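Read the figures in this text as sums done on the coordinates, not as results from a lab. The shown structure was predicted, so the numbers you read here are calculated from the model rather than taken from an experiment. As a convention, Cβ positions derive from the backbone with ideal geometry for all residues, glycine included, and neighbour counts pool all protein chains shown.
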Amino acid sequence: MPGLDPELSLEGLDDVPPLSPLQPISDEEAVQIIAGPPLPPSSVTLRDYVDHSETLRKLVLLGVDLSKIEKHPDAANLLLRLDFEKDIKQMLLFLKDLGIEDTQLGPFLTKNYAIFSEDLENLKTRVAYLQSKNFSKADIAQMVRNAPFLLSFSVERLDNRLGFFQKELELSVKKTRDLVIRLPRLLTGSLEPVKENLKVFQLELGFQQNEIQHMITKIPKMLTANKRKLTETFDYVHNVMRVPHHLMVRFPQVFNTRLFKVKERHLFLAYLGRAQYDPTKPNYISLDKLVSVPDGIFCEGMAKASVQDFEKFLKTL
């Protein structure tokens, strides 16, 4: 500090008068002052602040997409207050230790930049809770990558969610664990669509509890799928294609397929006289393969026609 006696005791620092910003300086001192670009008084984009913020610069280098973050009104206030070394570095080390790769940090933080407002010890406690429920380190890393907000929820919330799915679906502990590993959004999203879909399966579509259990353990997304999509798919497959409940239970992938694709293939098979979905009869077409194989295999193996024939037929629809 200019003018400060190096031998001055710490006790006497408060008595040193501050340097006035109006105090004259020499020409030699003036030319040594490097002035940075002025901080924008207001801005609609975080990129205007990157040149002024080491934190933002380093986040951009990590792959954080500021154009997505700035859509949240609280984002700028949070990020511009953070010090990289003090507030961010330890969080990055925690995420890397958790299993988030360097290339995944940017996309993760773009979605959950608010994790920097979390207490690190709370995050470690939530990880410890999941480990106590026999989720492996690899399982937890996969869950956090696929559901970036997972660790932003309390232990009580996580425990209640696991209990809900185990009870409502009558699943074993292992099957409950497997379910949320495959679709960790079940622990972070609203339960209303889940409750609604469970009612739809049972009351509107006529599936039994054990059938619902079997289907959702194979295709967890059925729990959060759009209700209208579920009912329209069921109506077409059951009432038009004449596929019974028990075959849909065996091949629930049909509920995870776009309905127009199911319709196109069924109509082509019907046109050829090959729309036969009963496994007890000749020329059986598996519902699973109908919706999962590429066009070439569908045409050659099931329709016994060429892809060109299929494409010509689609133009008539």
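Peptides 65-74, 297-306 ranked from most to least packed, by the mean per-residue count of other Cβ atoms within 10 Å: 297-306, 65-74.
Fewest-first ordering of T231, T103 by other beta carbons within 10 Å of each residue's beta carbon gives T103, T231.
In summary, the lysines within cross-link reach of K199, defined as a Cα separation below 19 angstrom excluding same-chain residues under 8 places away, comprise K167, K218, K221, K227, K229. What the Kirkwood sum gives for the stretch 121-189 is a hydrodynamic radius of 11.8 Å, with every pair of different alpha carbons counted. Once you have a ≥ b ≥ c as the square roots of the Cα gyration tensor eigenvalues for the stretch 190-256, tell me rounded if a/c is under 1.5, and otherwise prolate or oblate according to whether a/b is larger than b/c. Since a/c reaches 1.5 and a/b is larger than b/c, the shape of the stretch 190-256 is classed as prolate. 3J(HN,Hα) couplings calculated from phi for the stretch 190-204 with the Karplus curve 6.51 cos²θ - 1.76 cosθ + 1.60 (θ = phi - 60°) are, in sequence order, 5, 8, 4, x, 5, 4, 5, 5, 4, 5, 4, 4, 7, 8, 8 Hz; Gly and Pro show x. For the stretch 228-243, the Karplus equation 6.51 cos²θ - 1.76 cosθ + 1.60, evaluated at θ = phi - 60°, returns couplings of 4, 4, 4, 5, 5, 5, 4, 4, 5, 5, 7, 8, 9, 7, 6, 8 Hz by residue, with Gly and Pro reported as x.
Work out how much length K195 to T231 would gain on full extension: take 0.36 nm times their residue separation and subtract the Cα-Cα distance, in nm to one decimal.
Details: separation 36, 0.36 × 36 = 12.96 nm, distance 1.52 nm.
Once the chain is fully extended between K195 and T231, it gains 11.4 nm.
Peptide packing: for 261-273, 79-91, the average count of neighbouring Cβ atoms within 10 Å per residue gives the ranking 261-273, 79-91, highest mean first.
Could you give the C-alpha radius of gyration of the stretch 258-317 expressed as a fraction of 2.2 N^0.38 Å, taking N as the number of residues it contains?
Working: Rg = 10.7 Å, N = 60, 2.2 N^0.38 = 10.4 Å.
Ratio of Rg to 2.2 N^0.38 Å for the stretch 258-317: 1.03.
Under a 5 Å amide H cut-off, with hydrogens placed 1.01 Å from N, I219 pairs with nothing among residues at least 5 apart or on other chains. Annotation for the stretch 167-216 versus the stretch 285-317: alpha-carbon center distance of 32 Å.
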